[in-house]
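Peer 1: For reference, the structure I am asking about is given below.
The values are calculated or read from the model by the stated rules, or taken from the named source; none is laboratory data. What you see is a predicted model; the values in this text were computed from it and never measured. Methodologically, a virtual Cβ is constructed for each residue, glycine included, from the backbone with ideal geometry; neighbour enumeration extends over all protein chains shown.
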Amino acid sequence: MIELKLKNKKGKFHVNSTEIKDILGLRQDFEYVQDISNSINQENIMVFDCKLEEDVFELYEIEEILEELGEDIDEEYFNVLFEDVRAYLKDATDEIEAELQEIYLFDNLRCFFDIYNINQEFTDFKFVFVVCFKDIKISSLSNLAQIVSKRQLIGASKYYS
């Protein structure tokens, strides 16, 4: 857990990463949220290791339909499904960002995500979620999310097997 001391329109306030983790954990589409903010050394930035709820994208139903039709799932289908997952998480990220801006009355709050692991059945989507309480370019936030997600993918995460 990390705690930030910030200033908004109403004055000074504190926010800790446990509060943000709890807000993310209330979402029904996030199965798991783990605070890994202590693993980065970035001022006013929090990071969470997350897992999307399994039944958000259910590939086996589509596989059954295609099997009944006598068709195979090709690589292009997986690319489309991956883009659907990215679009879904982008929408969720925008919702969370708006909610956090409303809660903390902080205009420079930005959120970003990066998917780092998907199982073969397309039921297990793991991603990092970054919450930034400072003015930052989206490219910098994207780079940070990618760095953390690569670290999670190569086994730095002790929360997933």
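Peer 1: In region 65-94, what residues are over 29 Å from residue 138 (Cβ atoms) and modelled with pLDDT of 70 or more? Outline the logic, then answer.
Peer 2: First pass over region 65-94, keeping only residues over 29 Å from residue 138 (Cβ atoms): 65-75, 77.
Once the filter is applied, which keeps residues that are over 29 Å from residue 138 (Cβ atoms) and modelled with pLDDT of 70 or more, region 65-94 yields only 68.
Peer 1: Quick one: in region 95-119, of everything that is part of a helix (DSSP H, G or I) and free of Cβ contacts under 8 Å to residues at least 12 places away in the same chain, which residue is farthest from residue 154 (Cα to Cα)? Steps first, please.
Peer 2: Restricting attention to region 95-119, the residues satisfying the condition of being part of a helix (DSSP H, G or I) are 95-104.
Subset that is free of Cβ contacts under 8 Å to residues at least 12 places away in the same chain: 95, 98, 101-102.
Details: 95: 29, 98: 32, 101: 33, 102: 36 Å.
Filtering region 95-119 for residues that are part of a helix (DSSP H, G or I) and free of Cβ contacts under 8 Å to residues at least 12 places away in the same chain, the one farthest from residue 154 (Cα to Cα) comes out as 102.
Peer 1: Any idea how many residues of region 23-38 are within 12 Å of residue 128 (Cβ to Cβ) and assigned to a strand (DSSP E or B)? Lay out the reasoning, then the answer.
Peer 2: Of region 23-38, the ones within 12 Å of residue 128 (Cβ to Cβ) are 24, 33-37.
With assigned to a strand (DSSP E or B) added as a condition, the list becomes 33-35.
Of the residues in that region, 3 qualify.
Peer 1: Continuing with this model, one more query. Return the total of residues in region 1-22 being part of a strand (DSSP E or B) and in contact (Cβ under 8 Å) with a residue 60 or more places away in the chain.
Peer 2: First, pick out the residues of region 1-22 that are part of a strand (DSSP E or B): 3-8, 11-16.
With in contact (Cβ under 8 Å) with a residue 60 or more places away in the chain added as a condition, the list becomes 4, 6, 8, 13, 15.
Qualifying residue count, region 1-22: 5.
Peer 1: Something else now. Within region 130-138, is even one residue closer than 21 Å to residue 23 by Cβ, in contact with a helix residue (DSSP H, G or I) (Cβ under 7 Å, 6 or more places away or on another chain), touching a residue at least 40 places away in the same chain (Cβ under 8 Å) and among the β-branched types (Val, Ile, Thr)? Steps first, answer last, please.
Peer 2: Quick first cut of region 130-138, residues closer than 21 Å to residue 23 by Cβ only: 130-134, 136.
Adding the requirement that they be in contact with a helix residue (DSSP H, G or I) (Cβ under 7 Å, 6 or more places away or on another chain) leaves 130-132.
Right, trim to touching a residue at least 40 places away in the same chain (Cβ under 8 Å) and you get 130-132.
From what's left, among the β-branched types (Val, Ile, Thr): 130-131.
Within region 130-138, one or more residues are closer than 21 Å to residue 23 by Cβ, in contact with a helix residue (DSSP H, G or I) (Cβ under 7 Å, 6 or more places away or on another chain), touching a residue at least 40 places away in the same chain (Cβ under 8 Å) and among the β-branched types (Val, Ile, Thr).
Okay, residues lined up against (1) among the aromatic types (Phe, Trp, Tyr); (2) assigned to a helix (DSSP H, G or I); (3) surrounded by 14 or more Cβ atoms within 10 Å (Cβ to Cβ); (4) at pLDDT 95 or above:
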{"position": "122", "(1), (2), (3), (4)": "yes, no, yes, no"}
{"position": "135", "(1), (2), (3), (4)": "no, no, no, no"}
{"position": "142", "(1), (2), (3), (4)": "no, yes, yes, yes"}
{"position": "145", "(1), (2), (3), (4)": "no, yes, yes, yes"}
{"position": "150", "(1), (2), (3), (4)": "no, yes, no, no"}
{"position": "154", "(1), (2), (3), (4)": "no, yes, no, no"}
